[in-house]
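Peer 1: Questions regarding the structure given below will be posed in turn.
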Amino acid sequence: MLEKDRRRFQRMKLARPILGALDGESALILDIGLGGAFVEHHGQRKVGDMVTLSFRWQGEEITFRSEVARTRMTGDNVAQSGVNFVEMRGASVARLQDMMATFVGRVLAAQKANASADVEESGAILYQLGDARKSRSRGYMAYLWDGKSWTCRPTQMADQPRSGFTLAAYEDEDEVETLCRTFETADEEGRRLIRLVAELSANTVKK
């Protein structure tokens, strides 16, 4: 994993696969997170193989040197492999954070039936939380929901709790309040996506 961070990263299942390349050959990215991706590609790979995964977002190249964590053949010379990101190239991490924040904000904004908060406002807040251009700082805050009220505590761990989320400590209180309201009314998939974007915020904290 990047920066030798071995915590378990969450991944987002993509409604539409992203066309990319695995070692220079065409591949489809089926889901993606800060720590890795699930890719459909041609040819067989072995667990432990080192590969290069690349794709474009808003005209910019995103490239990761990756390690195959699992793989299986699904058809005639077609395989699906889970890869862990090992090394970034250029501004790939920042671009990936922006892309994921944008995708998640759109998905949550579409869940109008389950949201009582202002959907457009929530989507904007989610994008801001995932903004890789924010100044980096130290420390995290964990926000825990018991079904009736929230508790907040500082933590040294960036892990995402199931009953809430963990953000970088610098996040604005108004933004956090909007995120909490969205979490309260979201379904389980919506909450998973909120934790994914919270992970984007936590990932900007200096190690």
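Peer 1: What is the residue count in the stretch 163-178 for residues that are over 19 Å from the mean Cα position of the chain (by Cα) and either among the small types (Gly, Ala, Ser) or within 20 Å of GLY147 (Cα to Cα) (or both)?
Peer 2: So the answer is 2.
Peer 1: Of the residues GLN44, GLN10, which is over 20 Å from ASN203 (Cβ atoms), modelled with pLDDT under 95 and not aliphatic (A, V, I, L, M)?
Peer 2: Numbers: GLN10 fails: over 20 Å from ASN203 (Cβ atoms).
Just a single option satisfies the conditions, and that option is GLN44.
Peer 1: Continuing with this model, one more query. Taking only the stretch 85-97 into account, find how many residues are part of a strand (DSSP E or B) and surrounded by 17 or more Cβ atoms within 10 Å (Cβ to Cβ). Give the steps one after another, and end with the answer.
Peer 2: Taking the stretch 85-97 as the starting set, the residues that turn out to be part of a strand (DSSP E or B) are 85-88.
Then keep just the ones that are surrounded by 17 or more Cβ atoms within 10 Å (Cβ to Cβ); that gives 85, 88.
The total comes to 2.
Peer 1: Which of (1) out of contact with any Lys or Arg (no Cβ under 7 Å at 6 or more places or on another chain); (2) without any contact (Cβ under 8 Å) to a residue 60 or more places away in the chain is the odd one out, the single condition GLU199 does not satisfy?
Peer 2: Exception for GLU199: condition (2).
Peer 1: Could you figure out which of (1) at pLDDT 85 or above; (2) in contact with a Phe, Trp or Tyr (Cβ under 9 Å, 6 or more places away or on another chain); (3) assigned to a loop (DSSP other than H, G, I, E, B); (4) surrounded by 20 or more Cβ atoms within 10 Å (Cβ to Cβ) isn't true of THR166?
Peer 2: The single condition THR166 does not satisfy is (3).
Peer 1: I would also like to ask the following. Report, ordered by the first and then the second residue, all pairs with beta carbons closer than 6 Å, sequence separation of six or more or different chains, a first member in the stretch 71-93 that is more than 15 Å from ASP31 (Cβ to Cβ), and a second member that is exposed (fewer than 13 other Cβ atoms within 10 Å of the Cβ) and of a type in the set (Phe, Trp, Tyr).
Peer 2: As it stands, the answer is none, since no pair meets every condition given.
The values are calculated or read from the model by the stated rules, or taken from the named source; none is laboratory data. Keep in mind it's a predicted model, so treat the numbers as computed, not measured. Using ideal geometry, Cβ is built from the backbone for each residue, glycine included, and neighbour counts are taken over all protein chains shown.
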